[in-house]
Amino acid sequence: MKFGWLVALAALLVPAAASAQSADAGPDEAGEGAAGGGEGGDDLPPMMRDPRQLSGIARGEANDPAGRLTVRAVQGAMKRSEFGDVRGEFPVGTKIHLVGLGVGGKVTHKALTLDSGGRAVFDGLATNFAQSYVALAIFPRPGAEDRLVSQMVSMPPQVGTRMMLAGEAVASGKPAVDDLVSDDTQVFEVPAAGTIVVYLRGDTKDVQEIELLEAGVDTPVARTKVQVVSRTASVDGRVSQPEDDRALRAGLLEVLVSRRGEGIADIPVEIVVAGAAPGTPAARTAKTDASGRALFEPLPAGKKYLVRAPVEGRPFESAEFAPPGKTGQRVRVDADWREAKGLEARFTGIQGGPDKVFVARAVDQPRPFLTMPFQLTSSHGAATNLVMAPPVLFAFHGGANLEDEKLYFQLQISIYNASVLPYEPPREGLRIPLPRGFSGASVEEEVSARVKVDENRGLVWRGLIPPGERRFIASFALGSVEGKASFDMAMPYGLWPSQIVFEKMAGLRIDPPSGVKPQVGKTDDGRPLVIFQNIQLDPGASLHLGFAGLPTAPHWQRWVARSVGVLVLSLMAWGIWGLAIRGRRGGGRLSHLEAEREELLQAVVQLEADLRRQRVDEADYKRRRAELQRQLEGTYAELATEEKEAQARAAVADASAAR
């Protein structure tokens with residue numbers, strides 16, 4: 001199984017899927033109504049002075065009812081007013097769209113115009129994970145339209161949720177914000193107005209057509225065939241600082257655009273005045289020639305300038321510089337990208353605008369596959385991803401410790417829904433396997449209502465699985481026999497890159513998973529580790545590790561483990577057995593040792609119970625357990641001696657009686 005596309009999938013979707021969680025106070029509450037100095041924002045947190053850092057990120061709000069999402073619109077930095085509250089500019093009259101993506105591919109749509117405070121409040125949203133939501137808007141400003149898209153939100157059942165959609169300041173003059181184009185989305189092409197490009201990723205072999213839906217409209221807008229194309233992706237590069245070059249005519253500016261040392265022709269290059277008002281025409285424009293060069297005649301002195309050049313859809317911009325004087329200057333734009341064959345569907349002539357939201361969907365598939373919602377601006381189309389992935393991806397990271405001839409495992413299990421839609425498992429729930437022969441399985445309390453233990457088959461996830469990753473801690477034990485143990489775990493969903501760690505012990509031999517080489521490491525306190533990384537398996541395979549050379553406990557320690565396991569029943573059995581023996585033997589040193597042994601065993605049982613109930617800390621538990629074991633070892637040794645002497649005395653007595 002090739003996991004390269006899964007790694008890309010994680011990069012695509014992990015940032016795009018988030019449940020609403022509590023966070024530090026955001027701009028909506030942190031300053032409103034608070035006492036403060038006069039007008040300004042120097043006392044505000046950095047993320048309030050640059051709200052773009054928070055744009056589209058949802059957080060739980062305990063003061064709001066469950067099922068409510070409040071979206072606040074902001075353009076540029078926020079400021080504290082003379083009354084002490086925090087305010088910011090917002091695009092009056094703009095619509096905020098909320099698109100719901102539900103089980104079975106159902107698409108819902110709501111749109112609200114910003115109120116007088118720059119907010120849109122959506123009530124009555126699903127809190128059972130049956131729908132995931134995305135907020136979208138286009139914020140206009142002079143010379144640009146900021147296209148804003150939130151992360152995907154799964155509404156929590158207990159509290160409401162708030163978020164911001166933040167664009168650049170109205171008079172900033174900055175290039176348009178475009179949340180559809182980023183390193184996270186791996187989309188760098190910005191198609192022309194009216195054009196939509198859908199990139200297909202994952203298991204796409206059966207997809208022939210893609211249809212375009214307008215959110216809130218039942219009939220598809222258009223349908224088109226999937227085509228094989230050469231695709232450019234991951235455009236990267238840098239713009240150098242201007243360099244004086246006496247080989248150039250005085251005052252001449254040369255811009256060289258190249259890829260891997262070769263010039264790129266027909267790249268539009270602009271020289272713009274730094275800090276110019278939005279909409280100000282460029283001071284100079286030109287296209288690169290066959291060698292990748294664009295030449296610009298002397299620029300007016302007394303100003304600073306910027307070089308701008310889009311390469312393969314990605315804009316590059318230089319730092320500010322003063323125009324050349326006695327020499328010429330050269331600016332280099334070095335760009336590079338990957339090229340590969342891929343599948344895409346392309347729509348043209350689509351009428352967009354701030355009032356419409358679109359979603360693309362694969363046609364004639366056994367499961368619905370949709371893109372994230374998107375909008376078209378007046379000057380730009382849209383490029384988006386359609387990911388075709390299994391319903392569930394599975395991974396884990398963890399390790400094990402040896403105690404009482406058992407390997408105690410603790411794994412952080414990850415269940416990943418790579419779709420934009422919630423996944424509904426079968427009626428009996430999503431089966432999460434554990435190794436054959438496991439015992440004592442448990443999960444952390446936070447997920448115990450969602451993840452149940454099936455003593456025969458492993459774990460069961462009950463309920464819907466929202467888009468993105470869900471993690472929880474699971475613990476279980478595997479027994480060893482005569483120093484050997486086996487970890488055999490079915491992988492119905494496959495296993496994407498996972499890791500498991502063991503403490504290295506003298507004589508321990510581990511049969512690693514097929515194709516995985518062990519690596520070494522150390523704990524924080526210097527203990528050596530054996531690490532198995534990047535374990536990957538196809539769906540339906542099994543994960544196998546074998547263990548040999550595990551330490552085996554002396555007989556009395558094995559007996560202690562058994563007695564601790566049966567708790568009260570073992571104590572009752574020992575008590576009855578001890579009374580019977582004492583009655584038969586009539587007391588003496590042997591009877592005293594047996595009573596002492598019973599008390600020590602009861603102390604071990606109580607200590608284990610105290611640890612489970614967190615009545616003792618780990619250090620005190622280890623110290624007291626070691627002391628109890630030392631005392632038990634001495635008691636067992638004396639008992640063995642007394643038993644032999646008693647048997648000898650009994651044999652003499654029996655022989656005498658026989659005579």
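None of the figures in this text is laboratory data; all of them are computed from the coordinates on show. Treat the numbers as computed from the prediction; the structure is a model and nothing was measured. Because the Cβ atoms are built from the backbone with ideal geometry, glycine has one as well, and the counts that use them run over all protein chains shown.
Listed values, structure above:
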item	result
Under Karplus coefficients 6.51, -1.76 and 1.60, residue-wise ³J(HN,Hα) of segment 493-509 in Hz, glycine/proline x	9, x, 9, 9, x, 10, 8, 9, 10, 9, 6, 6, 10, 4, x, 6, 10
Placed amide H near Glu89: partners under 5 Å, 5+ positions off or other chain	Gln75
Interchain or long-range residues, amide H under 5 Å from Val311's placed H	Phe316
5 angstrom amide H check on Leu376, placed H, neighbours 5+ away	Gly353
Contour minus Cα-Cα distance for Ala319 and Ala247 (0.36 nm per residue)	23.6 nm
Point-to-point label distance, Ser172-Gln519, nm (Cα→Cβ direction, 7 Å offset)	3.9
Ranked Ile473, Ile413, criterion: other C-beta atoms within 10 Å, fewest first	Ile473, Ile413
Under 27 Å from Lys106, Cα to Cα: lysines that are on another chain or at least 8 residues apart	Lys95, Lys205, Lys225, Lys356
HN-Hα J in Hz across segment 447-452 - Karplus 6.51, -1.76, 1.60, θ = phi - 60°, x for Gly and Pro	10, 5, 6, 9, 10, 10
3J(HN,Hα) from dihedral phi, segment 285-294, Karplus parametrisation 6.51/-1.76/1.60, rounded to Hz, x for glycine, proline	9, 6, 10, 5, 8, 4, 8, x, 9, 10
Packing-based order for 163-175, 325-337, using average beta carbon neighbours within 10 Å, highest first	163-175, 325-337
Among 149-155, 55-61, the order from most to least packed when residues are scored by Cβ within 10 Å on average	149-155, 55-61
Separation of the Arg431 and Lys95 label points, Cα + 7 Å toward Cβ, nm	4.8
